[in-house]
Amino acid sequence: MAVVPPECVPLDLGDLVLRAPAPDDVAAVTEAFTDPALQLWSPPAAVTVPEWIDERADWSSGRRVGWVVSDAAGGPVLGSVSVRVDASTDNGMIGYWTAPAARGRGVATRSVRAAARFAFDVVGLYRIELAHAVENTASCRVAERSGFLLEGTLREAYLYGDGRRHDEHLHAKLRTDAD
């Protein structure tokens, strides 16, 4: 049975850290949310950035684990990763984004792998899904490199930032899959 810890558990990846979002992150997250690619493929939620930070930092509902990603030595937010948890099925859905300066460095792949491992080992999930627009080839590479197998295409499954419904690739990873 899936059980979310009551508060954020930081994950140390050596040169990167997945940590709780903090009020000091408002400027970096606000800047990231102005990126056209992020606005298209991962439209920010319809809340203010401080509300977004508060939602990601608060695990008490038991419905999500989430982190911001930063360099271990400090610096601005490089991205975010979160897993929505369905405790009734022990399944989850992972989502992530990276700031433009962090792209091409493996930040998303490493963060997704770490968040999935945490969701399997600590939260107790059995299956985690990852969906992205078919046209978002960078997210497809992250999914594949993170061990999420392509299961199919969901036709016109999600309304993206351009106001159009796009087909999505559905990937999934099981607790029993090799890392």
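The values are calculated or read from the model by the stated rules, or taken from the named source; none is laboratory data. Here the structure is a predicted model, which is why all the values come from computation and not from measurement. Positions of Cβ are backbone-derived with ideal geometry, glycine not excepted, and every protein chain shown enters the neighbour counts. For the accessible areas, the whole protein counts, side chains as well, though only heavy atoms, and no ligand, DNA or RNA atoms are used. Shrake-Rupley method; radii C 1.70, N 1.55, O 1.52, S 1.80 Å.
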Exercise. Which residue, ASP86, ASP121, ASP25, tops the fluctuation ranking in a GNM of the chain built on C-alpha contacts under 10 Å?
Worked result: ASP121
Exercise. So, with a 1.4 angstrom probe, what is the percent of accessible area on the chain that is carbon and sulfur?
Worked result: 53 percent
Exercise. For region 1-68, with the dipole built from +1 on Lys and Arg beta-carbon atoms and -1 on Asp and Glu ones, taken about the Cα centre, which of VAL3, VAL26, PRO43 lies farthest toward the positive end?
Worked result: VAL3
Exercise. Each label point is 7 Å from the Cα along the Cα-to-Cβ direction; what then is the distance between the points at LEU159 and ASP121, in nm?
Worked result: 4.0 nm
For this session: Leaving out ligands and nucleic acids, note down the accessible area per residue over the chain with a 1.4 angstrom probe, in whole Å².
Result: 50 Å²
Problem set entry | Rounded, prolate or oblate (a/c below 1.5 giving rounded, otherwise prolate when a/b exceeds b/c) for the chain by Cα gyration tensor | rounded
Seminar exercise, completed: Per its Cα gyration tensor (rounded if a/c is under 1.5, else prolate when a/b beats b/c, else oblate), region 2-80 is best filed as oblate
Exercise. With θ set to phi - 60° and the Karplus curve 6.51 cos²θ - 1.76 cosθ + 1.60, what are the ³J(HN,Hα) couplings of region 88-99 in order, to the nearest whole Hz, using x for Gly and Pro?
Worked result: 6, 10, 6, 10, x, 9, 9, x, 7, 8, 10, 5
Exercise. What list of ³J(HN,Hα) couplings, whole Hz, do you get for region 25-37 from phi and the Karplus terms 6.51, -1.76, 1.60, once you set θ to phi - 60° and write x for glycine and proline?
Worked result: 8, 4, 4, 5, 5, 4, 4, 4, 5, 8, 5, x, 5
Exercise. Using a Gaussian network for the chain with springs between C-alpha atoms less than 10 Å apart, which of these wobbles most: GLY14, GLY95, GLY152?
Worked result: GLY14
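Please work out whether region 116-165 counts as rounded, prolate or oblate from its C-alpha gyration tensor, where a ≥ b ≥ c are the square roots of the eigenvalues and a/c under 1.5 means rounded, while otherwise a/b larger than b/c means prolate and anything else oblate? Intermediate results must be reported in sequence, preceding the final value.
On the way: a/c = 2.41, a/b = 1.92, b/c = 1.25.
Prolate.
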Problem set entry | Using a Förster distance of 35 Å, the FRET efficiency for VAL26-ASP177 (Cβ separation, nearest 0.05) | 0.45
